[in-house]
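Notes follow the structure.
The values are calculated or read from the model by the stated rules, or taken from the named source; none is laboratory data. Every value quoted in this text rests on a predicted model; they were computed, and no experiment measured them. Glycine also receives a Cβ, built like all others from the backbone with ideal geometry; neighbour counts cover every protein chain displayed. For accessibility, only protein heavy atoms count, side chains too; no ligands or nucleic acids. Shrake-Rupley method; radii C 1.70, N 1.55, O 1.52, S 1.80 Å.
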Amino acid sequence: MRQVVGLVLLLILVSLLLWGVLVMRDFGYPPSDMDDYMIEHAQQETGSNNVVAGVLLDYRGLDTLGEVTVLFTAVTGVLLLFRTLKRREENC
Amino acid sequence: MLSRIVRTVSNQLIVFVLIFGLYLIMHGHDSPGGGFQGGAVVASGVAMLLVAFGSGEIIQWLHVRRLTVVACIGALVFIAIAFAGTGTTFFYNFLLGTPIFGGVPPPGPGHGHVWSGGIIPLMEIAIGFIVMAGLSAVVLAMARFSGGKEIEE
Amino acid sequence: MEHIPLNFPFLAAMLLVGISLYIIVFKRNLIKLVMGVAILSSAINLFLVSLGYRAGGVAPIYTDAPEGSMVLPVPQALTLTNIVIGVAVLALMLTLVIHIYRNTGDIDSHKSRILKG
């Protein structure tokens, strides 16, 4: 019974997503004021030919700081969990 | 540990994998690439060595503790560069126009040069250290401590 | 490139989201659940990149760039962020699955609910 209810809810959600995509704007013609500014001025303002690197490390540097924090925390968590696993096996 | 052919080939191939990864890190600001991609390539080279030689041999010269120290140094350098521009704003590109990495490329399509970009190449190198050390440490820890028998041939 | 009818990449991304939600909700194997989360991350990557595509665009890199307008750089930067965070979360989830297997001897999500209240 719960599985049937879950399946119905999932189908409703997916059909809502598909409907939202079908009434969306056309593929390939995005609104692009901010990105046009970045494409035009990134070479002079950041000094890098790669606009993606300029966006990632200059315009949106705080975003990259959070990304590095998440990566570092995940690595720390993985090493910590494996360390506790190893210690418990040595004790047994 | 796999057969002798696999070990020999991966022994030669790791040089080119490392060169390609470091190239991606160092040229991230004027060609496709960057710190994350280059670090992932280097970590995949470590994974290749791990498959070929087995974790018992790799762990003798590539310690997880040293890798975490390298990752910490990379993160500290990243934060330090971000704070160094605080005189204007956080993450200010203060090296642009100075003799160190200060070149500005001519507008429009053209040939890039490495000596440009301000703080962006330095940050790419710091991120590259974080990612290659972090992902290598994760792969090594998973191979070392996740149990199961090594494949012997 | 010519006009693509029916927003086909968006449709593909949403179908992937549906498949991954089905896996996450209905599969009982924890490894399959982690695979579902990975497929969800890939679906979001596809959606972001196809949001930023401009018809006939080239990559936003000025070094020896060919003629033509460039695709949007900000969705590509966000996709890079999402890829890295996806890898980190995937490693953490697999480690937790290994822990659950060591503690309970099973990776069935119905049998290994230690914290079931």
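Structural remarks
- Ligands, DNA and RNA aside, A:Leu16 has an accessible area near 100 Å² when probed at 1.4 Å.
- Average accessible area per residue (Å²) across chain C - probe 1.4 Å, nucleic acids and ligands excluded: 52
- Take region A:2-91 with all the other protein chains still there, run a 1.4 Å probe, and you get 56 Å² of accessible area per residue.
- Ordered from highest to lowest accessible area with the whole protein assembly present and a 1.4 Å probe, B:Arg144, C:Arg54 read as B:Arg144, C:Arg54.
- 5 angstrom amide H check on C:Leu72, placed H, neighbours 5+ away: C:Arg54
- Across chain B, the mean sequence separation of Cα contacts (distance under 8 Å, 6 or more residues apart), normalised by length, yields a relative contact order of 34 percent.
- On Cα atoms only, tilt of C:8-26 relative to the major axis of chain C in degrees: 10
- Counting, for every residue in B:38-44, the Cβ atoms of other protein chains within 10 Å of its Cβ and taking the mean gives 1.
- If only the Cβ of Lys and Arg carry +1 and only the Cβ of Asp and Glu carry -1, the dipole of chain C around its Cα centre is close to 800 debye.
- For chain A, the carbon plus sulfur part of the accessible surface works out to 66%, probe radius 1.4 Å.
- Rolled with a 1.4 Å probe across the full set of protein chains, the surface gives B:Tyr23 an accessible area near 100 Å².
- C:Leu90, C:Leu15, B:Leu67, ranked by accessible area, largest first (probe 1.4 Å): C:Leu15, C:Leu90, B:Leu67
- Cleavage-rule hits (chymotrypsin sites (Phe, Trp or Tyr not before Pro)) in region C:29-73: DSSP loop, at most 10 neighbouring Cβ within 10 angstrom: none
- For the protein assembly as shown, the number of Lys pairs with C-alpha atoms closer than 20 Å, counting only pairs eight or more positions apart or on separate chains, is 4.
- Its DSSP H runs of at least 4 residues, each contributing -39,500 (n - 2.57), put the calculated 222 nm mean residue ellipticity of chain B at -21000 deg cm²/dmol, to the nearest 500.
- Heavy-atom accessible surface that B and A bury in contact, both chains counted, 1.4 Å, Å² to 100: 2700
- Under the Debye formula (equal points on every Cα, no solvent term), log10 I(q)/I(0) of region B:4-145 at q = 0.14, 0.16, 0.20, 0.21 Å⁻¹: -0.73, -0.87, -1.14, -1.20
- Region B:4-153 - percent of accessible surface contributed by carbon and sulfur, probe 1.4 Å: 71
- Dimensions of the protein assembly as shown from C-alpha coordinates, computed as largest minus smallest value along each principal axis and given longest first, are 65, 54, 46 Å.
- Among B:Trp115, A:Trp19, the order of accessible area from largest down is A:Trp19, B:Trp115, computed with a 1.4 Å probe on protein heavy atoms.
- Of the residues C:Leu94, B:Met26, C:Leu80, the one whose Cα sits farthest toward the positive end of the charge dipole of the protein assembly as shown, with +1 on the Cβ of Lys and Arg and -1 on the Cβ of Asp and Glu, is C:Leu94.
- Summed buried accessible surface, chains A and C, 1.4 Å probe, nearest 100 Å²: 4300
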